Amino acid sequence: MKKITYILCVVSAILLTTSCEKDLPVFNDEEANLVFYYDGLDFTKNFEYNMSLSNFSFVYSSPDVMQDTVWVEVETMGLLRDYDRPVKFVQKDTADVVQAVSGKHYVSFDDPSLAKYYVVPAGKSRARIPIVLLRDASLNDADVVLKFGIGANDSFLPGYDVLTTRTLTISNSLSKPANWDDFDYSTYLSMLWYYGEYGKEKHRFLIEHTGFKWDEAFIAELIGGDEGYFNYLYQKLVNELAAYNETRLAQGLDVLKEADGTVVELYYYY
């Protein structure tokens, strides 16, 4: 009797498993989506606004450099493919700013020379895509904004709305790095907390007294790196600013100020 009961239980389990398998949907969706990949995306932030922002300035390059490249990373949603898949970017309108002009401030996304780079390679889920920027003379007068997003083509549809748009400010002068106000939760470091509000004269002082660019890449490495080095560099610059101002005063000049008269200070928020 026990043997019969055991057999009935096994048969029932097999039938139940078979039934469940039939009820499960078969994943054969051919649709693929594409989003911008954000390394270390922090969902405690307003990432739709903050994580999409970036700045690029030609001021760090020599005067004869007329174009440069910013790389953005994209990530697929869906099955991998055994062939290269083209990626499409489109420019989006922005309000209350000077918009970048294709062919003037950046190389058009559909320019034939870029076609081989605008792909997700076979068997890959991520790819780095170049945005080629042009150093037009108009950048001497005003910054321009390039807002762009992922467009639809035969290979991809745009993925989540909040991850399909980037905003890049292009300039030929010093501009506030997008991560100046960021707080790194792994190191508890922040440019804003230690160096205070951003200013161009402050930015210029940091560059001239260290030889570093103090751009987004450098700041990301600094606040995400060794806390001891961060504190050493900060204290060094505090001392150098004090000595610099003493020299200016001895020469009959005022202390270092921003264009609007704000005194340049490096201070820590307690």
* **Debye, to nearest 20: dipole size of region 205-270, +1 on Lys, Arg Cβ, -1 on Asp, Glu Cβ** => 200 debye
* Give the calculated FRET efficiency between Tyr188 and Ala243 to the nearest 0.05, with a Förster radius of 25 Å applied to their Cβ-Cβ distance. => 0.30
* Structure fact -> Taking a probe of 1.4 Å and leaving out DNA, RNA and ligands, region 131-270 shows per residue an accessible area in Å² of 51 Å²
* Rounded to the nearest Å, what's the spacing between the alpha carbon centres of region 111-166 and region 178-255? Just the number, please. => 32 Å
* Asked: So which of Lys147/Lys213; Lys104/Lys176; Lys104/Lys257 end up more than 32 Å apart, counting from Cα to Cα?
  -> Lys104/Lys257
* Structure fact -> Given the candidates Asn245, Thr187, Asn140, the one whose Cα lies deepest towards the positive end of the charge dipole of region 123-270, counting +1 at each Lys or Arg C-beta and -1 at each Asp or Glu C-beta, is Asn140
* **Contact order normalised by residue count of region 63-144, Cα under 8 Å, 6+ apart, percent** => 50 percent
* To do: Could you tell me whether region 96-147 comes out rounded, prolate or oblate from its Cα gyration tensor? Rule is a ≥ b ≥ c as square roots of the eigenvalues, rounded for a/c under 1.5, then prolate if a/b exceeds b/c, otherwise oblate.
  => prolate
* Asked: If R0 is 30 Å, what FRET efficiency do you get for Asp82 and Val162 from their C-beta distance, rounded to 0.05?
  -> 0.50
* Structure fact -> Simple spin-label estimate for Val263/Tyr198, 7 Å along Cα→Cβ, in nm, reads 2.4 nm
* Give me Rg over Rh for region 170-270, both radii from the alpha carbons and Rh done the Kirkwood way, two decimal places. => 0.97
* Asked: Rounded if a/c is under 1.5, else prolate if a/b beats b/c, else oblate: with a ≥ b ≥ c from the C-alpha gyration tensor eigenvalues square-rooted, which is region 123-235?
  -> oblate
* Extension gain from Asp68 to Asp254, taking 0.36 nm per residue of separation minus the Cα-Cα distance -> 63.2 nm
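Nearest 20 debye, what's the magnitude of the dipole of region 66-145 about its Cα centre given +1 on Lys and Arg Cβ and -1 on Asp and Glu Cβ?
420 debye
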* Round to the nearest 0.05 the FRET efficiency obtained for Asp93 and Leu114 when R0 = 22 Å and r is the Cβ-Cβ distance. => 0.50
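Where does region 178-228 land on Rg(C-alpha)/(2.2 N^0.38 Å)?
1.07
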* Structure fact -> Computed about the Cα centre, the charge dipole of region 151-226 from +1 Lys/Arg and -1 Asp/Glu charges at the Cβ has a magnitude in debye, to the nearest 20, of 280 debye
* Label point distance in nm, Ala152-Arg126, each placed 7 Å from Cα along Cα→Cβ -> 2.8 nm
* Carbon and sulfur: what percent of region 170-270's accessible surface (1.4 Å probe)? -> 53 percent
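The values are calculated or read from the model by the stated rules, or taken from the named source; none is laboratory data. Quantities reported herein were computed from a predicted structural model and do not represent experimental measurements. Note that we place each Cβ from the backbone using ideal geometry, even for glycine, and neighbour counts take in every protein chain shown. These area figures cover heavy atoms from the full protein model, side chains too; ligands, DNA and RNA do not enter into them. Shrake-Rupley method; radii C 1.70, N 1.55, O 1.52, S 1.80 Å.
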